[in-house]
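Enquirer: Take this structure first; my questions come after.
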Amino acid sequence: MSYGLKIFNSSGTATLDVSNRLTRLLYERDLPYNESSSTTVTGLDSDCVYFAINIESGATAPEKFPHLISVSGTTVTWTAFPNSSFAANTKLIIFKYK
Amino acid sequence: MAFGFRAINDNNEVQIDGTYTNHLIVESGSYTQPAFSSGTSWKDVTFSNTYTYPPIIFTRQSYYLSLLSLTKSGSNFTGFRTLSDTGSTGFTVDWYACVPSEAISLENWGMRVWNESSELVFDSGRNYMKIKDAVTFTTPSSAGASVTVNTVGGITSPYVCLSALQGRAFITPGGFSIYYYVLAKRNTDSQWQIVINPVYQFTAIGNGTWLPPSQQLIIGSITA
């Protein structure tokens, strides 16, 4: 390491250095179970990853279906499960990682 | 960012600053995923604390595993639910849960960064998940089909982000839906296997498939 930030814990073990890639939250949105739409996210590029997290766990089977997510350029599109009885409220999270 | 602190990594990307919030590790543990017996033989893991923000789940296992959902109590997230595939006989899963920076650490040394809203975005007294690789792969589109995903080497016992795997297919023959979950297992430290596996049948809910054409496999490590 010839430059940059390096962090050690109290035991002297490096916990972060310049070669590490941390997750940095870029965008989040709550997606209602019956909503299909899209939006433009500033900063969205190939260095991003995205999640569609089912936040409506059922106590019994079947689990509901979270939205499907697709990305093109800076546009993120979400599609709700077509049968609303089995569609889940979903949390969309996008973070940068490189 | 008009003021404050910024750290750049060797990829010339911002690691830490007052604009982005970093995901820190808030909990970890191990559990035994039960042998598969039916589509309801999932495992519920309970967090030690509750979270208002949905945690991202990283796991390490040598058998197929899928994250079904996060569990909630009121508006708080209390745990997560996983399911293995039809051939599993029970296995150990190591896991980490990560959320954006929240409570301050108890350390009395190091460095903390706040944003202009006075929200803590980095705390050197916390552990953060390091992303080692993210590979886009084509989602297998038929029952039992699998795909091998090669990732960066040189990482001992890496973790996979189950939260990033999208989709459950459903195909409805003869009035019943067969659910096809997306599951991942580690072949080696630099190779993962993704499979679409049928695990549950239920009353018909429609025809077709419910999978994105491609998705991402994210590899993390807790060490610097």
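Enquirer: Could you give the size of the charge dipole of segment A:23-96 about its Cα centre, using +1 on the Cβ of each K and R and -1 on the Cβ of each D and E, expressed in debye and rounded to the nearest 20?
Expert: With only Lys, Arg, Asp and Glu charged at Cβ, the dipole is about 60 debye.
Enquirer: Which whole-Hz couplings ³J(HN,Hα) result when phi for each residue of segment B:134-149 is put into the Karplus expression 6.51 cos²θ - 1.76 cosθ + 1.60, θ = phi - 60°, listed in order with x for Gly and Pro?
Expert: Ordered by residue, 3J(HN,Hα) equals 9, 10, 7, 10, 7, 5, x, 10, 9, 4, x, 5, 9, 9, 9, 10 Hz.
Enquirer: I'd like the mean, over residues of A:41-53, of how many other protein chain beta carbons sit within 10 Å of each residue's own Cβ.
Expert: Average neighbour count from other chains, rounded to a whole number: 4.
Enquirer: Among the aspartates and glutamates, which fall within straight-line cross-link reach of A:Lys96, defined as a Cα-Cα distance under 14 Å, with same-chain neighbours fewer than 8 residues apart omitted?
Expert: Of all the aspartates and glutamates, those that pass the test against A:Lys96 - Cα under 14 Å, at least 8 places apart if same chain - are A:Glu28, A:Asp45, A:Asp47, B:Glu13, B:Asp17, B:Asp133.
Enquirer: Now for a separate question. Binning every alpha carbon pair distance of segment B:6-130 at 10 Å from zero, what are the percents per bin?
Expert: Spelled out bin by bin, segment B:6-130 gives 12, 35, 29, 18, 7, 0 percent.
Enquirer: Can I ask one more? Per-residue Cβ counts within 10 Å, from other chains only, averaged over A:9-15: what number is that?
Expert: Taking all residues of A:9-15 together, the mean is 4.
Enquirer: As a quick test, which of the pairs B:Lys43/B:Lys185; A:Lys6/B:Lys185; A:Lys64/A:Lys98 have an alpha carbon distance above 23 angstrom in this structure?
Expert: Over 23 Å apart, Cα to Cα: A:Lys6/B:Lys185; A:Lys64/A:Lys98.
Enquirer: Still on this structure, I have one more. Quick check on segment A:23-96: take the gyration tensor over C-alpha atoms, sort the square-rooted eigenvalues as a ≥ b ≥ c, and tell me if it's rounded (a/c under 1.5), prolate or oblate.
Expert: prolate
Enquirer: Still on this model: Tell me, what HN-Hα J-couplings in whole Hz come from the Karplus equation 6.51 cos²θ - 1.76 cosθ + 1.60 at θ = phi - 60° for each residue of segment A:15-25, using x for Gly and Pro?
Expert: Once rounded to whole Hz, the list reads 10, 7, 9, 5, 8, 7, 10, 9, 7, 10, 5.
Enquirer: Here's something else I'd like to know. Would you please give the residues with an amide H less than 5 Å from that of B:Thr151, counting only those at least 5 places away or on a separate chain, with H modeled from the backbone geometry?
Expert: B:Gln191, B:Trp192
Enquirer: Next question. Counting partner chain Cβ atoms within 10 Å of every residue's Cβ in A:91-97, what's the average?
Expert: Partner Cβ neighbours, averaged per residue: 5.
Enquirer: Name the long-range amide H neighbours of B:Ile25: under 5 Å, sequence gap of 5 or more, or other chain; modelled H, no Pro or chain starts.
Expert: B:Asn127, B:Tyr128, B:Met129
Enquirer: Ok, one more. Name the residue, out of A:Thr40, A:Thr13, A:Thr77, whose mean-square fluctuation peaks in a Gaussian network model built on chain A with Cα pairs under 10 Å.
Expert: A:Thr13
Each reported figure results from applying straightforward, stated rules to the coordinates on display, with no laboratory input. Every value quoted in this text rests on a predicted model; they were computed, and no experiment measured them. In this analysis, Cβ positions are derived from the backbone assuming ideal geometry, glycine residues included, and neighbour counts consider all displayed protein chains.
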